[in-house]
Structures are given as C-alpha cells and as structure tokens.
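Trainee: Can you keep this structure in mind? I'll have questions shortly.
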Amino acid sequence: MSTRQDRERATLAGHEAERFMQNPQFVQAVEDIESDLYTQWRKSGPDDTKLREELWWSQYALDVLQKRLRKPIDEGTIAEQEQKQDNFQQRLD
C-alpha cells in the first residue's frame, strides 16, 4: 500500500468482506451448498461422469467465490498493520 488513504480503503474493504463472510445467512448458505454437492456426489454412480464433473465445477466456483472474498480481508489486514507501523514510526521521529 502506498498512501494512508489507500490503506484506509483496503482496511475498510477487508472489514466489509469479513462481516459478509461471517454473516450467519452466508455461512449457512455455503454449508448447505457444500453439503448438497457432497450428497449428490455420494449418490451418483461411478459412471455418471457428466454429473460428477458438474458437481466438481460447482464446488470449484464456490471455492473461488470464497477465495475472492478472503483476498480483501488479507489485504486489509496487511494495510492495517502497515498503518500501525507507520504510526509507531512517526511517534519515534
């Protein structure tokens, strides 16, 4: 992060993404989808490759969504730490 404003923006985005991911409805939806996908996979036959592939892609899409939401959380955490270090360094100067 380069500027204080950039860090503040990243920190805010991280907090918003974290609140979203911790929202009980979102958490429950993800758990339900994962459970449904697993149940469908278990019930599918070994020769049902088309269904199994569709289930894999569905799980993959869910994983990508969660990773994309975690990215601003991670970036916000880094920005917050950088800002704390800058504030500490300014006190020393």
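The values are calculated or read from the model by the stated rules, or taken from the named source; none is laboratory data. Please read all numbers here as calculations on a predicted model, not as lab measurements. Cβ coordinates were reconstructed from backbone atoms using ideal geometry, including for glycine residues, and neighbour counts include every protein chain displayed. What goes into the accessible areas is simple: the full protein's heavy atoms, side chains included, and nothing from ligands, DNA or RNA. Shrake-Rupley method; radii C 1.70, N 1.55, O 1.52, S 1.80 Å.
Trainee: Report, in deg cm²/dmol and to the nearest 500, the calculated mean residue ellipticity at 222 nm for the chain, where each DSSP H run with n ≥ 4 adds -39500 (n - 2.57) and the sum is divided by the residue count.
Mentor: On the way: 3 runs with 83 residues, N = 93.
-32000 deg cm²/dmol, from helical runs alone.
Trainee: Could I ask something else about it? How tilted is helix 4-22 with respect to the longest principal axis of the chain? Cα atoms for both, answer in degrees (0 to 90, nearest 10).
Mentor: 30
Trainee: Which length gain, in nm to one decimal place, applies between Leu12 and Leu51 when the Cα-Cα distance is subtracted from 0.36 nm times their residue separation? If you can, show how the numbers build up before the last one.
Mentor: Working: separation 39, 0.36 × 39 = 14.04 nm, distance 4.03 nm.
Gain in length upon complete extension: 10.0 nm.
Trainee: Another question about this same structure. For the Cα atoms of the chain, what angle does the longest principal axis make with the long axis of helix 49-92, in degrees from 0 to 90, nearest 10?
Mentor: Helix 49-92 and the main axis of the chain meet at about 10 degrees.
Trainee: Also: Would you be so kind as to identify which of Val27, Gly45, Gly14 lies farthest towards the positive end of the dipole of segment 4-59, taking Lys and Arg as +1 and Asp and Glu as -1 on Cβ and the Cα centre as origin?
Mentor: Selected residue: Gly14.
Trainee: Something else: Once you keep just the Cα pairs under 8 angstrom separated by 6 or more residues, what percentage relative contact order results for segment 1-78? Let's see the in-between values first.
Mentor: Details: 42 pairs, mean separation 44.5, N = 78.
Contact order relative to length: 57 percent.
Trainee: Let me ask something else. Mind pulling up the Rg/Rh value for the chain? Radius of gyration and Kirkwood radius, both on Cα. Provide the component values of the computation, followed by the final result.
Mentor: On the way: Rg = 19.8 Å, Rh = 15.8 Å.
Here Rg/Rh amounts to 1.25.
Trainee: If each residue of separation counts as 0.36 nm, what is the full-extension length gain between Asp32 and Ala61 once their alpha-carbon separation is subtracted? Working shown, then result.
Mentor: Values: separation 29, 0.36 × 29 = 10.44 nm, distance 1.47 nm.
Full-extension gain reported as 9.0 nm.
Trainee: Skip the ligands, DNA and RNA, and give the accessible area per residue of segment 2-93 with a 1.4 Å probe, whole Å².
Mentor: 78
Trainee: Taking each pair of different alpha-carbon atoms in segment 46-89 once, compute 1/r for the pair, average those values, and report the inverse of that mean as the Kirkwood hydrodynamic radius in Å to one decimal.
Mentor: On the way: mean 1/r = 0.0760 Å⁻¹.
When all Cα pairs of segment 46-89 are included, the Kirkwood radius is 13.2 Å.
Trainee: How far is helix 24-43 tilted off the main Cα axis of the chain, in degrees rounded to 10, range 0 to 90?
Mentor: 30
Trainee: A further question on this structure: Compute, for the chain, the length of the dipole vector about the Cα centre, with Cβ point charges of +1 (Lys, Arg) and -1 (Asp, Glu) only. Units Debye, rounded to 20.
Mentor: My answer is approximately 120 debye.
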